[in-house]
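The values are calculated or read from the model by the stated rules, or taken from the named source; none is laboratory data. No experiment lies behind these values; they were computed from the predicted model shown. Because the Cβ atoms are built from the backbone with ideal geometry, glycine has one as well, and the counts that use them run over all protein chains shown.
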C-alpha cells in the first residue's frame, strides 16, 4: 500500500515552502479572502493594502485590498479581505 502524503505537505514541497514553514501547517487560506496564520510572533505593520507579520525567522507580507485582521489570539492571526499576494522575507531584509 502506498503511503499517502497530506495535501498540505505536497503543496509546501511544490512551492518550496518546507524551509520557510517547517513541518507544520502554519498557513490556511480559503480562496483569496481569508488567511489564517499560526505561530505569529507579532503584527509589524497593518493597513488596508498591506499587513506584515513576524514569524520565527521570516516576515510574511500580505498584500491586497480591504485587508483587516478579524482576530489575533494565541499566536494565531486571521486576515480577511481581497488577498492578492503573500511574500516571505528572511528577517533583516526588506
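With respect to being surrounded by fewer than 18 Cβ atoms within 10 Å (Cβ to Cβ), farther than 17 Å from residue 31 by Cα, modelled with pLDDT of 95 or more and in contact with a strand residue (DSSP E or B) (Cβ under 8 Å, 6 or more places away or on another chain), residue 90 falls outside the description.
A search for C-beta distances below 7 Å between a residue of the stretch 28-51 that is closer than 13 Å to residue 78 by Cα and any residue that is in a loop (DSSP other than H, G, I, E, B), counting only pairs 6+ apart in sequence or on different chains, returns 37/26; 38/26; 38/75; 39/26; 39/56; 39/75; 40/75.
I need a count of the residues in the stretch 71-92 that are assigned to a strand (DSSP E or B) and closer than 14 Å to residue 38 by Cα. Summing the residues that are assigned to a strand (DSSP E or B) and closer than 14 Å to residue 38 by Cα in the stretch 71-92 gives 7.
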